[in-house]
Amino acid sequence: MKKKRSFLWGSVVTLALASAAVLSAGFILALSEPGEAASTLQSHPASTAQQEAQPAVAVDKKADDPLLIVAIGDSLTKGIGDTSGKGYVGNLKSRLEAAGQKVNVQNLGISGLESTELVKSVQNPGVQQYFQDAELIMVSIGGNDITHSIGGVDKLIGAKGVDENTILETQAAYTKNVQEVLASIRKSNAKTPVIVLGLYNPFEGLFEDQGKSDQLLLDWNENLRKVAQAYPHVKVVPMFDLFQWNNSTLLSYDHFHPNNEGYAKMAERIYSGLPKEFLK
């Protein structure tokens with residue numbers, strides 16, 4: 001009997017120690033800083049839809065705390081094509097800091113992301129926590145919806161033009177997805193300004209289509225503007241005119257993503273459209 005009791009007490013002690021270790025680990029994870037979540041998101045690029053932020057810890061906002069900007073979307077948000085690595089997000093941060101603002105950024109951009117995948121991303125609890133804490137939210141999405149639907153930019157070189165029916169079908173699905181994304185953002189945070197980037201035409205100069213691709217992109221942006229108007233404090237910032245006739249100087253070597261100058265111009269356009277409270 002003594003041996004059995006000794007064995008049982010030893011098992012209890014072992015289980016108690018194991019439980020304590022698990023609880024301690026959970027407590028440490030619960031105290032993780034919000035910045036650590038963004039690192040987790042960007043250090044595992046296996047699948048666009050599977051990249052998720054870890055829950056952030058809500059903290060009380062102080063008057064002198066930096067502005068928190070949360071940027072979501074595709075490779076434009078990530079800054080692909082900019083050799084400095086800043087992209088429009090980093091350039092906007094620098095512009096605000098030069099004007100005297102303190103700024104923190106959570107860049108959740110994912111290369112190759114389509115609007116369908118963004119719908120899933122914004123439902124992640126960690127991302128929703130970032131929305132709750134944000135004082136500005138920026139969204140770039142749609143370029144991959146178009147290019148993936150037509151087989152990529154390379155396929156268009158020397159072609160007669162883009163398939164209009166394919167673009168219109170893609171736009172219908174995109175519209176529904178953007179509505180879901182904006183509804184999710186507004187559910188998390190009803191008042192923070194949201195800036196959605198309009199699309200430019202990366203196909204210009206690849207083929208002669210008598211301006212048809214320009215018109216398709218203009219119609220796409222007009223539809224996006226109407227969608228945004230249905231939600232409070234949401235604004236579409238146009239980018240089409242910045243790149244029109246300037247693709248050769250503002251796009252990177254891949255003829256799709258902006259280069260350093262292109263992103264700088266995008267950031268300046270966004271800065272000029274910010275609410276007055278952001279401009280010191």
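The values are calculated or read from the model by the stated rules, or taken from the named source; none is laboratory data. The structure presented is a predicted model; accordingly, all values stated were derived computationally and were not measured. Counting neighbours? That spans all protein chains shown, and the Cβs are built from the backbone with ideal geometry, glycine included. Just the protein is used for accessible areas: all its heavy atoms, side chains included, with ligands, DNA and RNA removed. Shrake-Rupley method; radii C 1.70, N 1.55, O 1.52, S 1.80 Å.
Annotations
- Solvent accessible area, Å² - I150, 1.4 Å probe, full protein context: 20
- Cα-Cα P(r), segment 228-269, percent of pairs per 10 Å interval: 28, 43, 21, 8
- Positive dipole terminus of segment 103-158, leading residue within T147, L108, L136 (C-beta point charges): T147
- Taking the Cα centre of segment 235-280 as reference, the dipole from Cβ charges on Lys and Arg (+1) and Asp and Glu (-1) amounts to some 240 debye.
- Relative intensity, log₁₀ I(q)/I(0), of segment 125-280 from a Debye sum that treats every alpha carbon as a point, q = 0.10, 0.12, 0.16 Å⁻¹: -0.39, -0.56, -0.95
- A 1.4 Å probe over all protein chains sorts Y231, Y200 by accessible area into Y231, Y200, starting with the largest.
- Label point 7 Å beyond Cα of T83 along Cβ direction - residues of segment 249-280 with amide nitrogen under 18 Å: 249-265
- Theoretical FRET efficiency, 1/(1+(r/R0)^6), r = Cβ-Cβ of D219 and A183, R0 22 Å, to 0.05: 0.45
- Summing Lys and Arg as +1 and Asp and Glu as -1 over all other residues whose Cβ lies under 15 Å from the Cβ of S115 gives a net charge of -4.
- Put a plus charge on the Cβ of each Lys and Arg, a minus charge on the Cβ of each Asp and Glu, and nothing anywhere else: the dipole of segment 147-280 about its Cα centre is then about 860 debye.
- Over 27 Å between alpha carbons, listed pairs K86/K235; K212/K276; K102/K265; K191/K226; K176/K265: K212/K276; K176/K265
- Dipole of segment 215-274 computed with +1 at Lys/Arg Cβ and -1 at Asp/Glu Cβ about the Cα centre; of S272, H233, G262, farthest Cα towards the positive end is H233.
- Proximal charge balance of V196 [Cβ under 10 Å; K/R count +1, D/E count -1]: +2
- Computed over protein heavy atoms with a 1.4 angstrom probe, the accessible surface ordering of R186, R225, R269, largest first, is R225, R269, R186.
- 1.4 Å probe accessible area per residue over segment 89-223, in Å²: 42
- Dividing the convex hull volume of the alpha-carbon atoms in segment 193-280 by its residue count gives 88 Å³ per residue.
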